[in-house]
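I have placed the structure first, in the form of structure tokens, so that the comments after it can refer back to it.
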Amino acid sequence: MSTLVIQSHRTPLPAAWLQPCLDSVRDWALGNKFEYRFLGDEIFSPLSEAILQKTADRLPAASDLARLIALQAALDEGYETAIWCDADFLVFAPDALSLPRESYGLGREVWVQPGAGKLRVHVKVHNAFMFFRRGNPFLDFYRYAAQRMLEAHEGPMVPQFVGPKFLSAIHNMLSCPVVEEAAMFSPATTRALLAGGGPALELMLAKSIQPPAGANLCSSLADAGELSDDELDQAVGHLLARGSIAA
């Protein structure tokens, strides 16, 4: 056994554009001779009833912990490397997406958004794409911390509680390894992409160390009404047709 790529989502898929995202990751995995595994709701089975109740209206928080358990289980099975990709992560330049020679790595978030009359950019890390090799120093800690945080938390839970918010805080102190090509697109970036370019896309590229080869398209923002499924469907088609974020 060498490398396993894991994805998960409830089925049937709630939007048609998610299927080409899943297909792109599976094709990237098989093209690299990685094994591929798709999990449904069974990914949540290892979580305690207390955590499931706390996250009943914040399923992404439960997923943030469940994916860590699934990744650790893969390493325990004998895989040398376990990779996680969110279901809304699209690989559009497969030849340019590869794992660095690190024992683990997180995705890169360059988040562009309007603010106070001008565009603002926040450079962080994300867990929509991440990998862990056997013997890495980070997965056990992250899993333990995520579980403790969810167990101890009371009251409303902010989005990304044990995901990008926590990881970015840790990254600011530790400078974790990052897969720079594994990006995340904000609504401003996606709309600039569909418009054929613009300041948001230019700013995102200017703050990116490497051009994106894949990106999390943020289906949660479609759920919240910040992007439409039609816009995301167009973005998927654009990216797959061009193999880059070029207009």
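Structure above, values below:
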item	result
Qualifying residue in the stretch 205-222 (condition: exposed (fewer than 13 other Cβ atoms within 10 Å of the Cβ) and assigned to a helix (DSSP H, G or I))	yes
Residue list for the stretch 1-19, filter: closer than 17 Å to residue 29 by Cβ and assigned to a loop (DSSP other than H, G, I, E, B)	1, 2, 9
Matching entry among 30, 68, 22, 39 (being surrounded by 15 or more Cβ atoms within 10 Å (Cβ to Cβ) and without any contact (Cβ under 8 Å) to a residue 40 or more places away in the chain)	39
Yes/no for residue 148 being more than 30 Å from residue 235 (Cα to Cα), open to solvent by 40 Å² or more (accessible area, probe 1.4 Å) and touching a strand residue (DSSP E or B) at 6+ places or on another chain (Cβ under 9 Å)	no
Selected residue (only one of 126, 171 is at negative phi, open to solvent by less than 10 Å² (accessible area, probe 1.4 Å) and at pLDDT 95 or above)	126
Residue check for residue 240: in contact with a helix residue (DSSP H, G or I) (Cβ under 8 Å, 6 or more places away or on another chain) and either part of a strand (DSSP E or B) or open to solvent by less than 20 Å² (accessible area, probe 1.4 Å) (or both)	no
Which listed residue, of 13, 68, 90, 18, is within 20 Å of residue 143 (Cβ to Cβ), of a type outside the set (Gly, Ala, Ser) and touching a helix residue (DSSP H, G or I) at 6+ places or on another chain (Cβ under 8 Å)	68
Of all residues in the stretch 71-118 being among the hydrophobic types (A, V, I, L, M, F, W, C) and without any contact (Cβ under 8 Å) to a residue 40 or more places away in the chain, the one that is farthest from residue 20 (Cα to Cα)	116
Residue that is most open to solvent (accessible area, probe 1.4 Å), among those in the stretch 181-203 that are within 18 Å of residue 93 (Cα to Cα) and under 17 Å from the mean Cα position of the chain (by Cα)	181
Condition met for residue 67 (charged (D, E, K, R) and at pLDDT below 95)	no
Output for the stretch 102-123, where each listed residue is open to solvent by 40 Å² or more (accessible area, probe 1.4 Å) and among the charged types (D, E, K, R)	102, 118, 120
Residue match in the stretch 151-160 (condition: surrounded by fewer than 21 Cβ atoms within 10 Å (Cβ to Cβ), polar (S, T, N, Q) and under 20 Å from the mean Cα position of the chain (by Cα))	yes
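The values are calculated or read from the model by the stated rules, or taken from the named source; none is laboratory data. What you see is a predicted model; the values in this text were computed from it and never measured. All Cβ positions, glycine included, derive from the backbone under ideal geometry; neighbour counts span all protein chains shown. The area values use the complete protein model at the heavy-atom level, side chains included, leaving out ligands, DNA and RNA. Shrake-Rupley method; radii C 1.70, N 1.55, O 1.52, S 1.80 Å.
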